Amino acid sequence: MSEGGGSIFGPLSLSSLITRIAELSEAINSMFEWYRRSKVCYAYLEGISAEDVDHCGVPEDCHLIQGQESVFSDSKFAQHRWFRRGWTLQELIAPSRVELYGEDWAYLGSSLKLLDEIVFITGIDEKVLNSNQKQKMEFLRRASVAQRMSWAASRMVTRPEDQAYCLLGIFGVHMPLLYGEG
């Protein structure tokens with residue numbers, strides 16, 4: 001504590017707290033747009049090697065029936081938490097290109113190279129992942145609410161409100177947030 005009774009980090013006022021909350025709200029609301037405008041998004045999949053991806057290939061004659069488990073859902077690549085976290089959904093959907101890296105920053109492939117695997121793992125429509133930005137946004141607008149919600153249904157988040165907040169950009173919603181309020 002300093003002589004004036006404030007903390008060593010400086011004074012904490014209601015206005016500085018409100019400013020921080022407003023900045024967080026704006027960042028959460030803008031995240032999808034930031035990814036959408038990026039040329040490339042880099043994703044690091046800890047513990048995954050190129051060999052893990054090679055053992056995950058989609059058989060040529062395999063067609064996933066809606067609601068059916070992926071043929072390689074037990075693979076280390078398919079089970080990686082990056083495919084299961086709420087906030088990474090927009091990292092996968094919004095950018096023009098996603099480059100995936102694994103253990104020791106070994107290149108695993110682009111989202112386009114691994115498109116079949118990613119579609120099977122996530123259930124996200126191929127058109128959303130494999131289109132230019134204009135087409136992608138049109139496909140997102142045309143996708144049903146149920147379809148877009150299904151992409152997030154099995155994803156995990158730290159806070160309950162993140163389940164909704166990580167979908168804002170996917171639904172084209174911008175709203176004031178009460179982060180940390182549940």
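All of the numbers you see were taken from the coordinates with simple rules; none came from a lab. Source: prediction; values computed, not measured. Reconstructed Cβ throughout: ideal geometry from the backbone, glycine too, with neighbour counts over all protein chains shown.
Structure summary
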| item | result |
| --- | --- |
| Tyr42 long-range amide H proximity, modeled H, under 5 Å | Glu99 |
| Formal net charge of residues neighbouring Gln133 (Cβ-Cβ distance under 9 Å; K, R +1; D, E -1) | +4 |
| Phi-based couplings in Hz for the range 164-174 (Karplus 6.51, -1.76, 1.60; Gly and Pro marked x) | 7, 5, 6, 9, 3, x, 5, 9, x, 9, 10 |
| Low-density loop cleavage sites - chymotrypsin sites (Phe, Trp or Tyr not before Pro) in the range 122-171, where at most 15 other Cβ are within 10 Å (DSSP) | Phe171 |
| Cα-centred dipole magnitude for the range 122-165, charges only on beta-carbon of K, R (+1) and D, E (-1), debye, nearest 20 | 140 debye |
| Calculated P(r) of the range 70-133 - Cα pairs past 18 Å, % | 32 percent |
| Equivalent ellipsoid, the range 99-182 (semi-axes from 5 times Cα gyration tensor eigenvalues, Å) | 25, 19, 12 |
